[in-house]
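To start, the structure under review is shown below, and the notes come after it.
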Amino acid sequence: MTHKLAVGDTAPDFTLETDTGSVSLSDLRGKKVIVYFYSAALTSGCTTQACDFTESLDRLEAAGYTVIGISRDSTEKLAKFRAKESLGITLASDPEKSVHEAYGAWGEKSMYGKTVTGVLRSTIVVDENGTVTLAQYNVRAKGHVSKLRRDLGLDD
């Protein structure tokens, strides 16, 4: 079982390939970062969540947040996802699931009455110093971004 992060933990550093280059958490020091994990590009729930983050991106960026969505998808699939849905957020590929595991976003979950191992839809907020300020696991795709905005004090 993967260890879930908690408020006050140091967020594990990572460098991942994206559909447009690469991204490193350490390069974002001095900025607040929302790291979210989703199971697969181009699926209904993950599309809803990515589109919601894109629709909220101006408000999140105005408050100093950078958004990184992480999945096990190839960078080619991420590029198709970005183009098809006109996504403005950073999409990163973690095919080896090492970042998923480091963030507690990989483990057992119940799906259609069966216990399976896979991606735990999760959102981790990291402050300018690399400290976790919010850790949410097993979130719902629909409505999550608006709830997250409320949790961050960015209410409509």
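The values are calculated or read from the model by the stated rules, or taken from the named source; none is laboratory data. Since the structure is predicted, the reported quantities are computational estimates derived from the model, not experimental observations. Neighbour counts are summed over all protein chains in view; Cβ atoms, including those assigned to glycine, are modelled from backbone coordinates with ideal geometry.
Out of everything in the stretch 108-126 that is outside any strand (DSSP E or B) and surrounded by fewer than 16 Cβ atoms within 10 Å (Cβ to Cβ), what residue ends up being farthest from the chain's Cα centre (by Cα)? The residue in question is GLY113.
Given the criteria without any contact (Cβ under 8 Å) to a residue 60 or more places away in the chain, farther than 21 Å from ASN129 by Cα and surrounded by fewer than 17 Cβ atoms within 10 Å (Cβ to Cβ), does LYS84 qualify? In short, yes.
With respect to LEU42, is the statement that it is of a type in the set (A, V, I, L, M, F, W, C) and buried (at least 16 other Cβ atoms within 10 Å of the Cβ) true?
Values: of a type in the set (A, V, I, L, M, F, W, C): yes; buried (at least 16 other Cβ atoms within 10 Å of the Cβ): no.
Against the criterion (of a type in the set (A, V, I, L, M, F, W, C) and buried (at least 16 other Cβ atoms within 10 Å of the Cβ)), LEU42 does not qualify.
I'd like to verify a number: residues in the stretch 127-156 that are without any contact (Cβ under 8 Å) to a residue 24 or more places away in the chain, more than 15 Å from the chain's Cα centre (by Cα) and under 21 Å from GLY8 (Cβ atoms), how many? Number satisfying all stated conditions: 2.
Results for (1) at pLDDT below 95; (2) of a type in the set (S, T, N, Q); (3) touching a helix residue (DSSP H, G or I) at 6+ places or on another chain (Cβ under 6 Å), shown as yes or no for each residue.
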position: LEU60; (1), (2), (3): no, no, no
position: SER74; (1), (2), (3): no, yes, no
position: PHE81; (1), (2), (3): no, no, no
position: HIS100; (1), (2), (3): no, no, no
position: SER110; (1), (2), (3): yes, yes, no
position: GLY113; (1), (2), (3): yes, no, no
position: LEU120; (1), (2), (3): yes, no, no
position: GLU128; (1), (2), (3): no, no, no
position: GLN136; (1), (2), (3): no, yes, no
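Residue by residue, here is whether (1) under 22 Å from HIS144 (Cα atoms); (2) surrounded by 18 or more Cβ atoms within 10 Å (Cβ to Cβ); (3) in contact (Cβ under 8 Å) with a residue 24 or more places away in the chain holds:
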residue	(1), (2), (3)
LEU5	yes, yes, yes
VAL23	no, yes, yes
ILE34	yes, yes, yes
GLU61	yes, no, no
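If the condition is being more than 18 Å from ALA105 (Cβ to Cβ) and either basic (Lys, Arg) or buried (at least 16 other Cβ atoms within 10 Å of the Cβ) (or both), then the stretch 67-80 contributes THR75, LYS77, ALA79, LYS80.
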